[in-house]
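> Can you keep this structure in mind? I'll have questions shortly.
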Amino acid sequence: MSKTADTLNTHLGQILSDTYALAVKSHAAHWNLTGAQFFALHEAFGSQYEALLAAADELAERLRALGAKAPSGIQALTKATSITDITSTDGLVIAKALHADHVALSMLLTKAVVMAQSEHDEATADLLIGRIAEHDKTAWMLKATIS
């Protein structure tokens, strides 16, 4: 395995950890939010955490297909993630925080696409490009909500 491939696997582990952590954060937002936009945001956050859990599964399976190990517990995921917890229950404050997380994850994915393409790993690049599109779409919707 080349150094770039090893670095790509490390980045995929980071992306998986951040995706899973964002799913948990979105789920907590779904449970805990308050405010005038409760019903709309409750529904949106529910859809988002379900989509993120499905994405985490795809990312983990890709890591395994590449011969790398996926994080295997909450401590490993917590250690690897850059996603922070939410403390507010205000729906718009939460939406702003989630927006920032989706933007950050999209940027991390963009770096990993370049790595995958440099390894001629188009399957991984394709998966990551699809994830970028989803994070960008969710970020746009959250931004429209908080504007």
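The values are calculated or read from the model by the stated rules, or taken from the named source; none is laboratory data. Being a predicted model, the structure only gives us computed values, none of them experimental. All Cβ positions, glycine included, derive from the backbone under ideal geometry; neighbour counts span all protein chains shown. Please note that ligands, DNA and RNA were not included when accessible areas were found on the heavy atoms of the full protein model with its side chains. Shrake-Rupley method; radii C 1.70, N 1.55, O 1.52, S 1.80 Å.
> Quick check on Ser118: is it closer than 25 Å to Ile129 by Cα and of a type in the set (Ser, Thr, Tyr)?
Answer is yes for this residue.
Residue-by-condition table, conditions (1) more than 22 Å from Ser17 (Cβ to Cβ); (2) of a type in the set (A, V, I, L, M, F, W, C); (3) in contact with a helix residue (DSSP H, G or I) (Cβ under 6 Å, 6 or more places away or on another chain):
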| site | (1), (2), (3) |
| --- | --- |
| Phe45 | no, yes, yes |
| Ala55 | no, yes, yes |
| Ile74 | no, yes, no |
| Thr84 | no, no, no |
| Met115 | no, yes, yes |
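> Residues being hydroxyl-bearing (Ser, Thr, Tyr), in a loop (DSSP other than H, G, I, E, B) and within 25 Å of Asn32 (Cα to Cα): count how many of those fall in the stretch 67-109.
Of the residues in the stretch 67-109, the ones hydroxyl-bearing (Ser, Thr, Tyr) are 72, 78, 81-82, 84, 87-89, 106.
From what is left, the residues that are in a loop (DSSP other than H, G, I, E, B) are 72, 81-82, 84, 87-89.
Remaining after also requiring within 25 Å of Asn32 (Cα to Cα): 81-82, 84, 87-89.
Here the count works out to 6.
> How many of the residues in the stretch 2-31 are in contact with a helix residue (DSSP H, G or I) (Cβ under 8 Å, 6 or more places away or on another chain) and either open to solvent by 70 Å² or more (accessible area, probe 1.4 Å) or over 21 Å from His135 (Cα atoms) (or both)?
Number of matching residues: 4.
> For the stretch 91-113, which positions are over 18 Å from the mean Cα position of the chain (by Cα) and either under 15 Å from Leu12 (Cβ atoms) or surrounded by fewer than 18 Cβ atoms within 10 Å (Cβ to Cβ) (or both)?
Narrowing the stretch 91-113 to residues over 18 Å from the mean Cα position of the chain (by Cα): 91-93.
The answer is Leu92, Val93.
> Residue pairs, Cβ under 7 Å, 6 or more apart or interchain, first in the stretch 54-65 and closer than 12 Å to Leu127 by Cβ, second outside any helix (DSSP H, G or I). List them.
Close Cβ pairs satisfying both conditions: Ala60/Ala70; Leu63/Ala70.
> I'd like to check something: does the stretch 131-146 contain any residue that is assigned to a helix (DSSP H, G or I), in contact with a His (Cβ under 8 Å, 6 or more places away or on another chain), of a type in the set (Asp, Glu) and open to solvent by 70 Å² or more (accessible area, probe 1.4 Å)? Talk me through it step by step, then tell me what you get.
Step one: list which residues in the stretch 131-146 are assigned to a helix (DSSP H, G or I), which gives 131-146.
Subset that is in contact with a His (Cβ under 8 Å, 6 or more places away or on another chain): 135-136, 138-139, 142-143, 146.
Cutting the leftovers down to of a type in the set (Asp, Glu) gives us 136.
Add one more test, that the residue is open to solvent by 70 Å² or more (accessible area, probe 1.4 Å), and what stays is 136.
Taking every residue of the stretch 131-146 in turn, at least one turns out to be assigned to a helix (DSSP H, G or I), in contact with a His (Cβ under 8 Å, 6 or more places away or on another chain), of a type in the set (Asp, Glu) and open to solvent by 70 Å² or more (accessible area, probe 1.4 Å).
> Moving on to the next point. Pick from the stretch 114-130 the residues that are of a type outside the set (Gly, Ala, Ser) and under 17 Å from the mean Cα position of the chain (by Cα): which of them is most open to solvent (accessible area, probe 1.4 Å)?
Checked the stretch 114-130; the qualifying residue most open to solvent (accessible area, probe 1.4 Å) is Asp126.
> Taking into account only those residues within the stretch 35-66 that are open to solvent by 70 Å² or more (accessible area, probe 1.4 Å) and not in a helix (DSSP H, G or I), which is farthest from Thr78 (Cα to Cα)?
Selected residue: Ala36.
> Moving on. Do we have any residue at all in the stretch 76-89 that's more than 17 Å from the chain's Cα centre (by Cα) and open to solvent by 80 Å² or more (accessible area, probe 1.4 Å)?
Yes, the stretch 76-89 contains at least one residue that is more than 17 Å from the chain's Cα centre (by Cα) and open to solvent by 80 Å² or more (accessible area, probe 1.4 Å).
> Six or more apart or on different chains, Cβ atoms under 8 Å: show the pairs whose first residue is in the stretch 100-127 and modelled with pLDDT of 95 or more and whose second is open to solvent by less than 10 Å² (accessible area, probe 1.4 Å) and hydroxyl-bearing (Ser, Thr, Tyr).
Leu105/Thr19; Ala112/Thr124; Ala116/Thr124
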